[in-house]
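Beneath this line is the structure, given in structure tokens, with notes to follow.
The values are calculated or read from the model by the stated rules, or taken from the named source; none is laboratory data. Computed from a predicted model, the values in this text were never measured in an experiment. Virtual Cβ from ideal backbone geometry, glycine too; neighbours counted across all protein chains shown.
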Amino acid sequence: MLKGEKIVLGPLMPNDAAPMFQWLNDIELAHLNGPYRPTDGMGFGPWFNGLGKDLSKAFFAIRTATDLRFVGYVVISNIHAVFRSAELGIVIGAEADRCHGWGQEALSLALRFCWNDLNLHRVSLLVFGKNDRAVGAYAKAGFQHEGVLREAAFVGGHYVDITVMAALKTY
């Protein structure tokens, strides 16, 4: 496990499937990360059970350090060993679990994993629409603004910009 002061990052457990399924089907939460597309139970089970088999991705459960309650997840995807790059995504599931600094600490731990364990040099992410709270957390974790893709996604009935941010390993 990757341990911080407030949270730990660790493996997903079978009990995590039910909250993840709920979060994937929460339209407001989905709109923070892109367009909404409902997930059905028939497809979700095999997807969830296969998460550890794709070597181009690493999934971590975000758990509170005090009681190990599952509050979200981090995914590092498109891991490219030759380019030493990857993409990062994060979800804090319930609205009540946001704004505690857990996401920011999870980002810092995930970046440390990318630098120290995956030997990556660049980690990028996308921010859909106007999500100042996420941009602030990403910036505090070391991500810098790289650009804006204007009206690049159709989310919630209208086109939104996508902000590109990235962090580079410092030596």
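Okay, residues lined up against (1) closer than 23 Å to Ala30 by Cβ; (2) in contact with a Ser or Thr (Cβ under 6 Å, 6 or more places away or on another chain); (3) in contact (Cβ under 8 Å) with a residue 40 or more places away in the chain; (4) not aromatic (Phe, Trp, Tyr):
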| residue | (1), (2), (3), (4) |
| --- | --- |
| Leu88 | yes, no, no, yes |
| Val91 | yes, no, yes, yes |
| Arg98 | yes, no, no, yes |
| Arg112 | no, no, yes, yes |
| Trp115 | no, no, yes, no |
| Arg122 | no, yes, yes, yes |
| Leu125 | yes, no, yes, yes |
| Phe154 | yes, no, yes, no |
| Met165 | yes, no, yes, yes |
Please enumerate the residues belonging to segment 150-171 that are in a strand (DSSP E or B) and β-branched (Val, Ile, Thr).
Val155, Val160, Ile162, Thr163, Val164
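If we scan segment 113-122, do we find a residue that is buried (at least 20 other Cβ atoms within 10 Å of the Cβ), part of a strand (DSSP E or B) and not charged (D, E, K, R)? Please lay out each step first, then the result.
Initially, segment 113-122 is screened for residues buried (at least 20 other Cβ atoms within 10 Å of the Cβ), giving 114, 120.
Okay, now just the ones that are also part of a strand (DSSP E or B), so none.
No, there is no match, as no residue in segment 113-122 is buried (at least 20 other Cβ atoms within 10 Å of the Cβ), part of a strand (DSSP E or B) and not charged (D, E, K, R).
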What single numbered condition from (1) touching a helix residue (DSSP H, G or I) at 6+ places or on another chain (Cβ under 7 Å); (2) modelled with pLDDT under 95; (3) β-branched (Val, Ile, Thr); (4) more than 22 Å from Asn15 (Cβ to Cβ) fails to hold for Ile92?
(4)
Among the residues of segment 31-74, how many are among the charged types (D, E, K, R) and under 18 Å from Leu118 (Cβ atoms)?
3
Test each condition in (1) buried (at least 16 other Cβ atoms within 10 Å of the Cβ); (2) closer than 18 Å to Val8 by Cβ; (3) modelled with pLDDT of 95 or more for Ala141 and report the one that comes out false.
(3)
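Conditions tested, residue by residue: (1) out of contact with any Leu (no Cβ under 6 Å at 6 or more places or on another chain); (2) surrounded by 11 or more Cβ atoms within 10 Å (Cβ to Cβ); (3) farther than 24 Å from Ala139 by Cβ.
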residue	(1), (2), (3)
Leu29	yes, yes, no
Tyr36	yes, yes, yes
Phe44	yes, yes, yes
Ala61	no, yes, yes
Val91	yes, yes, no
Please pick out the residue among Asp16, Asp67, Asp54, Asp40 that is out of contact with any Asp or Glu (no Cβ under 6 Å at 6 or more places or on another chain), at pLDDT 95 or above and surrounded by fewer than 13 Cβ atoms within 10 Å (Cβ to Cβ).
Asp67
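Among the candidates Asn49, Asn25, which residue alone is surrounded by fewer than 13 Cβ atoms within 10 Å (Cβ to Cβ), free of Cβ contacts under 8 Å to residues at least 24 places away in the same chain and among the polar types (S, T, N, Q)? Steps first, please.
Numbers: Asn25 fails: surrounded by fewer than 13 Cβ atoms within 10 Å (Cβ to Cβ).
Going through Asn49, Asn25 in turn, just one is surrounded by fewer than 13 Cβ atoms within 10 Å (Cβ to Cβ), free of Cβ contacts under 8 Å to residues at least 24 places away in the same chain and among the polar types (S, T, N, Q): Asn49.
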